[in-house]
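Here is the structure we will look at.
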Amino acid sequence: MINERRPEDMQRITNAELADRYIAEQIQKLQEQIGDKKVLLALSGGVDSSVVAALLIKAVGRQLVCVHVNHGLLRKGEPEQVIEVFQNRMNANLIYVDASDRFLDRLSGVSDPEEKRKIIGGEFIQVFAEEAHKLDGIEFLAQGTIWPDILESEAGIKAHHNAGGLPEDLQFELVEPVRILFKDEVRVVGERLGLPPEMVYRQPFPGPGLGVRCPGAITRDRLEAVRESDAILREEFKKNGLEGKVWQYFTVVPDFKSTGVKDGKRTFDWCCIIRAINTTDVMEVTVEHLPDQLIDHLVSRIVTEVPGINRVLFDYTPKPPATVEFE
Ligand code: XMP
């Protein structure tokens, strides 16, 4: 249903039974809306678009065309996970576009944070539109809009950027099967649809991806240092039972070098900053203090395993005054 609103008395979906009922209702609605037509979806691998994909695969199978754009700023293993879960396990009709070079070339030498965001967002729409133009017979565009997106855009807090952005000749009818759900409900539904827990319960990840964690002009080597250190941090959080408990945790590698020493020789390399925070609404955040032993282990792994890093720092600053991301 277009512009559907969450009924005031709708019961919060908190368990398998309620999720199963929602899934069954949505499958029926989606089949009625879509019939034998084709639906297009930009599948980022985030919770919302993944749940939308899984619902649509159940409802219309390969009439759903998923486009996964790798902008080169994804975390280690993310594109592979999207391909494994959707193409291999769910037999989705998935188009994988590796546009890393294109994005990184466009971003080369650009240091202004907002300019970087604009380039990433604009390029994303272009790549997606190019793929859409290659397809025939698409009538619907699926989106992972959720209920807080609608509430926030109505309250004027943030523009609801899920919609729009596509060129005039690519205006499709919208399909929004998680539109009336809150995030926690989307996760319960995702679990019942058989998505892996690490996908359903993953921490928030910004649209511009690792681009905002490589402050200033992005270079491929520094971006790689962000990606590798982030992978180590995530692995250690998982091993130490912190995954799913800490709201958001990541590494940042600023464009700044300092002196170090390795094997008796002078080094001049970057530092890696670890940030781990908790919050309920991201307006205010507190810092998660890590056990000393874990910090020591992280420092040791990062300086040993990540090329270009000779120093590890920890960010103890809450929000305000610092924002979560560095830019
Ligand atoms: P800040 O840095 O504003 O972050 O304190 C608050 C939350 O928003 C995420 N964030 C973004 N998400 N596009 C996104 O989709 C962005 O440009 C962006 N900037 C920040 C950030 O990761 C945190 O969860």
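The values are calculated or read from the model by the stated rules, or taken from the named source; none is laboratory data. Since the structure is predicted, the reported quantities are computational estimates derived from the model, not experimental observations. No Cβ is skipped: glycine too gets one built from the backbone with ideal geometry, and neighbour counts run over all protein chains shown.
General observations
- Helices (runs of 4 or more DSSP H) enclosed by the range 66-173 - at least 2 residues per element that are modelled with pLDDT of 95 or more and under 16 Å from Leu210 (Cβ atoms): 78-82, 100-107, 113-134
- Residue match in the range 172-183 (condition: under 25 Å from Leu55 (Cβ atoms) and within 16 Å of the ligand (Cβ to nearest atom)): yes
- Candidates Lys58, Lys37, Lys29, filtered to the one that is among the basic types (Lys, Arg), touching a helix residue (DSSP H, G or I) at 6+ places or on another chain (Cβ under 6 Å) and surrounded by fewer than 20 Cβ atoms within 10 Å (Cβ to Cβ): Lys58
- Flag if Thr323 is among the polar types (S, T, N, Q), within 12 Å of the ligand (Cβ to nearest atom) and surrounded by fewer than 14 Cβ atoms within 10 Å (Cβ to Cβ): yes
- Residue in the range 135-150 that is out of contact with any Lys or Arg (no Cβ under 9 Å at 6 or more places or on another chain) and farther than 27 Å from Ala54 by Cβ present: no
- When Asp263 is tested against (1) surrounded by 13 or more Cβ atoms within 10 Å (Cβ to Cβ); (2) away from the ligand (no atom under 16 Å from the Cβ), just one condition goes unmet, and that condition is (1).
- Filtered residues of the range 3-35 (kept if among the charged types (D, E, K, R), in contact (Cβ under 8 Å) with a residue 40 or more places away in the chain, over 19 Å from Glu139 (Cβ atoms) and assigned to a helix (DSSP H, G or I)): Asp20
- Qualifying positions in the range 239-260 - more than 19 Å from Glu325 (Cβ to Cβ), under 17 Å from the mean Cα position of the chain (by Cα) and surrounded by 15 or more Cβ atoms within 10 Å (Cβ to Cβ): Glu243
- Residues located in the range 103-121, provided they are more than 20 Å from the chain's Cα centre (by Cα) and either away from the ligand (no atom under 14 Å from the Cβ) or of a type in the set (Phe, Trp, Tyr) (or both): Asp105, Arg106, Ser108, Gly109, Val110, Ser111
- Number of the condition not met by Leu210 [criteria: (1) within 16 Å of the ligand (Cβ to nearest atom); (2) among the hydrophobic types (A, V, I, L, M, F, W, C); (3) not in a helix (DSSP H, G or I)]: (3)
- Residue in the range 185-196 that is small (Gly, Ala, Ser) and either in contact with a strand residue (DSSP E or B) (Cβ under 8 Å, 6 or more places away or on another chain) or over 30 Å from Ala24 (Cβ atoms) (or both) present: no
- The residues in the range 277-317 that are within 16 Å of the ligand (Cβ to nearest atom) and either in a helix (DSSP H, G or I) or in contact (Cβ under 8 Å) with a residue 40 or more places away in the chain (or both) can be counted, and the count is 5.
- Where Ile274 falls short, out of the listed (1) part of a loop (DSSP other than H, G, I, E, B); (2) closer than 25 Å to Glu114 by Cα; (3) within 16 Å of the ligand (Cβ to nearest atom): (1)
- Index of the failed condition, Ser258 passing every other in (1) part of a loop (DSSP other than H, G, I, E, B); (2) away from the ligand (no atom under 16 Å from the Cβ); (3) over 30 Å from Pro148 (Cβ atoms): (1)
- Which listed residue is away from the ligand (no atom under 16 Å from the Cβ) and under 19 Å from the mean Cα position of the chain (by Cα), from Glu228, Glu236: Glu228
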